[in-house]
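Participant: Have a look at the structure that comes next, please.
The values are calculated or read from the model by the stated rules, or taken from the named source; none is laboratory data. Just so it is clear, the structure is predicted and the values come from calculations on it, not from any experiment. Methodologically, a virtual Cβ is constructed for each residue, glycine included, from the backbone with ideal geometry; neighbour enumeration extends over all protein chains shown. Just so you know, the surface numbers come from the protein's heavy atoms only, side chains and all, with ligands and any DNA or RNA stripped out. Shrake-Rupley method; radii C 1.70, N 1.55, O 1.52, S 1.80 Å.
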Amino acid sequence: MLDPMLAQVRRADAQRQAGQLRDAARTLEALLRTADFTQRARVEAYLALGKCYDQLERRRSAQSCYRRILALTDDWSYREPARRYFRQPFRAR
């Protein structure tokens, strides 16, 4: 069964991918303020929020999200993109 918070994070990331950047960022910010998060959901939320901020040209905020990921997990599948986007802003293809 999919973690309910992870499902909400992925819905917000789908908003981002659909170009609804401000709505996605607001949703992710609100989700991250809640305490009821698995580590995986929190890391995915920071990655999605960092991408939103990069697309909104809020670079320092994006880097803060990527830095949080590096502090939260040793999982390479999250650390590698966080390191890459910390150095070079995320750009949607």
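Participant: Below 9 angstrom from the Cβ of R40, what's the summed charge of the other residues (Lys, Arg +1; Asp, Glu -1)? Each step should come with its number before you reach the end.
Facilitator: Values: positive: R42; negative: D3, E44, D75.
Surrounding charge for R40 is -2.
Participant: Relative contact order, percent, of the chain when contacts are C-alpha pairs under 8 Å separated by at least 6 residues?
Facilitator: 24 percent
Participant: In the range 35-89, what percent of the accessible surface is made up of carbon and sulfur (1.4 Å probe, ligands and nucleic acids excluded)?
Facilitator: The computed percentage sits at 44.
Participant: Still on this structure: Note down the net charge around L72, summing +1 for each Lys or Arg and -1 for each Asp or Glu among other residues with Cβ under 13 Å from its Cβ. Mind dumping the intermediate values first?
Facilitator: Numbers: positive: R40, R42, R67, R68, R79; negative: E44, D74, D75.
Charge balance in the 13 Å sphere: +2.
Participant: How big is the range 39-93 in terms of Cα radius of gyration and Dmax, in angstroms?
Facilitator: 9.9, 28
Participant: Same structure again: Using 0.36 nm per residue of separation minus the Cα-Cα distance, give me the extension gain between T38 and R93 in nm, one decimal.
Facilitator: 16.9 nm
Participant: With the alpha-carbon atoms as the only input, what is the per residue convex hull volume for the chain in Å³? Before the final figure, lay out each step's value.
Facilitator: On the way: hull volume 8.8 nm³, N = 93.
Cα-based convex hull of the chain, divided per residue, equals 95 Å³.
Participant: Would you calculate a helix-derived [θ] at 222 nm for the chain, using -39,500 (n - 2.57) for each DSSP H run of n ≥ 4 and dividing by the full residue count, to the nearest 500?
Facilitator: The helix-only estimate for the chain comes to -24000 deg cm²/dmol at 222 nm.
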